[in-house]
Structures are given as C-alpha cells and as structure tokens.
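Undergrad: Next up is a structure, given as structure tokens.
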Amino acid sequence: MGAELSLVAAFIVGLMGGVHCVGMCGGIVGALTFGLPQPQSRGRLFGFLLSYNLGRIASYTLGGALLGGLSALADNLLVIHQYQTILQVVAGLFMLAMGLYIAGWWTGLRYLESGGRVVWRYIEPLGRRLMPVTRPGQALLLGMLWGWLPCGLVYSVLIWSISTGSAVEGGLLMLSFGLGTLPNLLLMGMFAASLQRFVRYPLVRYLAGALVMAFGLTNLYLAWQPLPA
C-alpha cells in the first residue's frame with residue numbers, strides 16, 4: 001500500500017475505531033471531564049480535552065517513530081529482500097483483525113491488551129500524581145501517559161507501523177491514526193451521552209469493521225503482487 005494511501009487508511013481506522021474508543025476510553029474521558037474544577041465554560045472544557053488528546057496523539061506518534069526506526073535498522077542489518085513484503089502481509093492481517101475487533105465479531109486483540117497491562121502498572125501511578133488537573137499543561141502530560149493505555153486497536157496499528165521501515169513514516173502513520181481518533185474522543189467529552197447512543201447501533205460497528213477489513217485485504221493484495229507466481 002502506498003505511503004499516502006496508508007496514511008488515509010490509518011486515519012479512517014482511527015475514525016471508524018471510535019466505536020471501540022467509546023467503550024475503551026469513555027470512562028477515562030468521563031473521569032477526566034468530571035474531575036476538572038467546576039464550573040467550566042464549554043470553551044475551557046474543550047481546551048482541556050484538546051490538551052489531553054494532543055498528549056495522547058504525541059505518544060502514539062513517538063511509538064510509531066520508534067518501531068518504524070527499529071524496523072529500518074533491522075532491514076539494514078538483515079538485508080532480507082522480502083523483509084518489507086513480509087511485514088506488509090503481517091500489517092494486512094492485523095488490519096483484518098482490527099476490522100473484526102471493531103465490528104465485535106472477534107475479540108482476539110484483547111490478548112495484546114493483556115500484555116500491555118504489565119507496562120501500564122508502572123505508568124498508571126505517574127498519572128495519579130497529575131490529578132486533579134487544573135492547568136492545560138497538566139492535561140497534556142496526563143494525555144501523554146494515557147497514550148500508553150493497553151488497547152488492542154492502538155497496538156495493532158503500532159505493529160502496522162513496523163511495516164513502514166522508516167521512523168518518519170512510522171510516526172506519520174500513528175499520527176494519522178491518532179488524528180482519526182480525535183473527533184470521537186473530543187465529542188465524547190463534550191457530548192458523551194449522544195455519541196454513546198450512536199455508536200452502540202450494531203450497523204455502525206459492522207460498517208466500520210467492514211471498511212477497516214477492506215483496507216486490510218487491499219494491503220494483502222498489494223503485498224502479494226511482488227511475490228513470484
């Protein structure tokens with residue numbers, strides 16, 4: 001899949017993954033929102049929510065850059081001609097898994113979340129030290145920690161970023177994914193009840209999952225082309 005198409009696909013994965021984000025992050029957003037000093041004007045509340053989410057997206061971007069950079073290093077060291085093709089196939093398979101996960105047809109990605117909880121046990125206490133949040137700077141730092149929350153969807157896109165073979169492209173892929181998640185998570189903080197009702201419709205989940213799976217199949221098709229018949 002071309003770099004530009006991959007960025008578009010990552011953005012749509014993040015956007016469509018909002019049906020999963022409501023369940024995964026809804027409680028966190030609610031806790032952060034209700035934990036702010038009251039009363040809050042709508043504009044000031046939006047500023048805090050934007051700071052949380054910019055911090056979260058910054059962590060995603062850093063993770064993508066690190067894994068993309070490690071992939072590039074491995075590619076240079078191993079000198080395997082089909083290395084990128086293999087990684088692209090893996091990325092396509094994970095995109096299929098993401099689609100099934102979003103649609104609610106398969107929940108195997110939760111095993112990735114279980115592994116991430118080991119690391120989260122060390123990060124979560126740092127977040128508690130930043131509470132209660134009274135300034136946008138605190139919200140930004142808390143969002144950066146939140147970005148490492150165990151999430152099968154995020155971890156899958158991180159694995160996808162490995163296939164880029166570049167720190168810059170890996171970071172851009174995760175940035176695009178993070179920007180895709182931004183509308184849902186901002187709206188969740190401002191209009192949580194209305195958004196939750198919408199994404200609970202099975203048809204919304206099914207369409208979102210099917211679209212992500214279509215990108216996965218496209219990735220697999222394009223990865224297969226260079227291989228000998």
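Undergrad: Looking only at the range 163-174, which residues are crowded, with 21+ Cβ neighbours inside 10 Å and of a type in the set (A, V, I, L, M)?
TA: Of everything in the range 163-174, those that are crowded, with 21+ Cβ neighbours inside 10 Å and of a type in the set (A, V, I, L, M) turn out to be L172, L173, M174.
Undergrad: When L222 is evaluated against the numbered criteria (1) within 18 Å of the chain's Cα centre (by Cα); (2) modelled with pLDDT under 85; (3) within 19 Å of E4 (Cβ to Cβ), which criterion, by number, is the only one it fails?
TA: Result: L222 fails condition (1) only.
Undergrad: Can you tell me which residue is nearest to the chain's Cα centre (by Cα) among those in the range 148-162 that are among the hydroxyl-bearing types (S, T, Y) and crowded, with 21+ Cβ neighbours inside 10 Å?
TA: Only one residue fits best here, namely S156.
Undergrad: Moving to a separate point now. Is it true that some residue in the range 87-100 is over 17 Å from the mean Cα position of the chain (by Cα), outside any loop (DSSP other than H, G, I, E, B), of a type in the set (G, A, S) and at pLDDT 70 or above?
TA: No, the range 87-100 contains no residue that is over 17 Å from the mean Cα position of the chain (by Cα), outside any loop (DSSP other than H, G, I, E, B), of a type in the set (G, A, S) and at pLDDT 70 or above.
Undergrad: Are any of the residues in the range 66-74 modelled with pLDDT under 75, over 30 Å from L203 (Cβ atoms) and either more than 15 Å from the chain's Cα centre (by Cα) or not in a loop (DSSP other than H, G, I, E, B) (or both)?
TA: So far as the range 66-74 goes, yes, one or more of its residues are modelled with pLDDT under 75, over 30 Å from L203 (Cβ atoms) and either more than 15 Å from the chain's Cα centre (by Cα) or not in a loop (DSSP other than H, G, I, E, B) (or both).
Residues are listed down the side, and each one gets a yes or a no for (1) at pLDDT below 80; (2) part of a helix (DSSP H, G or I); (3) touching a strand residue (DSSP E or B) at 6+ places or on another chain (Cβ under 7 Å):
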| residue | (1), (2), (3) |
| --- | --- |
| S114 | yes, yes, no |
| V119 | yes, yes, no |
| G127 | yes, yes, no |
| M131 | yes, no, no |
| W148 | no, no, no |
| V154 | no, yes, no |
| G171 | no, yes, no |
| N184 | yes, yes, no |
| T218 | yes, yes, no |
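Undergrad: From the list S194, S176, which residue is in a helix (DSSP H, G or I) and either at pLDDT below 75 or more than 19 Å from the chain's Cα centre (by Cα) (or both)?
TA: None of the other options fit; the residue is S194.
The values are calculated or read from the model by the stated rules, or taken from the named source; none is laboratory data. Not measured: the values here are computed from a predicted model. Ideal geometry is used to build each Cβ from the backbone, glycine not excepted, and the neighbour counts take in all protein chains shown.
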